[in-house]
1. Set the Förster radius R0 to 35 Å, insert the Cβ-Cβ distance between M172 and T86 as r into 1/(1 + (r/R0)^6), and round the FRET efficiency to 0.05.
2. Expressed as a whole percent, how much of the Cα-Cα distance distribution for the range 49-141 exceeds 17 Å?
3. Based on alpha-carbon positions alone, could you give the equivalent ellipsoid semi-axes of the range 215-265 from the gyration tensor, as √(5λ), descending, whole Å?
4. Could you please report the charge total around R287, scoring K, R as +1 and D, E as -1 over all other residues with beta-carbon less than 10 angstrom from its beta-carbon?
5. How big, on average over all directions, is the shadow cast by the Cα convex hull of the range 245-298, in nm²?
6. Would you please give the FRET efficiency between E308 and E107, computed as 1/(1 + (r/R0)^6) with r the Cβ-Cβ distance and R0 = 45 Å, to the nearest 0.05?
7. With unit charges on the beta carbon (Lys/Arg positive, Asp/Glu negative), name the residue among T140, S114, A153 whose Cα is farthest towards the positive pole of the charge dipole of the range 107-182.
8. When the Cα centres of the range 223-264 and the range 135-175 are compared, how far apart do they sit, in Å?
Amino acid sequence: MKYALLACVKSSLCIFAWHTGISFSVTIKKEKSVLENYGIIIKSKCPLYGSALPDCAEVADELMSGWLVKIGTPEKNQKRDRLCVTTHYGYKGYINAACVRCFSVQEGSEIIRSKRIRRINKDFADVLCGPEVRAPIALTLYRNSFVELIEQADGWAKVRCADGRVGFIRSMFLSPRMDDDEYFLRGNLLWQSRLKKITDRGKFRRRLTECAKSYMGAQYRWGGKSPEGVDCSGFVFLCYMENGVLIYRDAKLRQGYPVHAISRSLLRPGDLIYWEGHVAMYLGNNRYIHATGNSSRACVTVNSFNPEEEEYREDLADTVTGFGSVF
């Protein structure tokens, strides 16, 4: 029985590898296949689909260059060039195989534990072939992409990108990575430990709201998480991620993630406001910022609960379903 199962698994994976170029290491323990494969996103950005099969599947999320994923076993009806993955923040979906470079568990662990990872802090940043403004552009990365810092001098940083290319980028376009891959390290949702390191809650809240305002005017895009466009939950997710806290990616409270329900009386700047299928960040003084698909303002904008203010949205004023906070 054990050998028949192993042959079946190997046969299916050989077919999958032939089409995608991606192979899995398989061992049998108690008659179960164990697949432990990590990948890193090598495209500037990568759509995460909610379905494994249709060519026009709905985009559920976007992943940036340098983000890690864990690759699951191929499913029965899965497209041959599509992979089932789990992101470093526990969100699951499907990506095109061309978007990812696979590596071993050991290499993945080394990347996860690396202290040299830096985050792109501008909407776009060019990686050049040399440390001078006239150097050819090797590639352009989006905000929140990750690169490995090799060395830096004279305002330039030498970096290694996710696809293995080495280039140069302005040091001012890089910031330390604040979030982590604890999901992969521990195998469960223990991200609340990051909150224990926040000693000044007021400062943290100010950084959240300042980050949110930096996205003002970005167009609304379903499933988006780049400067080209963001949706409501992608927008607030990025604000928290840039400040070191990973919250649930969808517009709902989910057990196991840091955001928990609070009463309206406890609402403070940086906390979240929920509607059915929508989420916003509270700014204080009855105002909130959100990525809205509303026909009048299909972008990141500020609205108000105060009917006397111009930014008042009557359709949102009385339909709030809850409030959430990480504190």
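1. Here the calculated transfer efficiency is 0.55.
2. Roughly 61 percent, rounded to a whole number.
3. Numbers: eigenvalues 92, 27, 23 Å².
Largest first, the range 215-265 gives 21, 12, 11 Å.
4. Details: positive: none; negative: E309, E311.
Computed value for this residue: -2.
5. 4.4 nm²
6. On the way: r = 58 Å, r/R0 = 1.29.
Efficiency computed from Cβ-Cβ geometry: 0.20.
7. Checking the options against the dipole of the range 107-182, the answer is A153.
8. The distance from the Cα centre of the range 223-264 to that of the range 135-175 comes to 27 Å.
A short reminder: the numbers here are calculations on the coordinates, not readings from a lab. Values in this document were obtained by computation on a predicted structure and should not be read as measured data. Ideal geometry is used to build each Cβ from the backbone, glycine not excepted, and the neighbour counts take in all protein chains shown.
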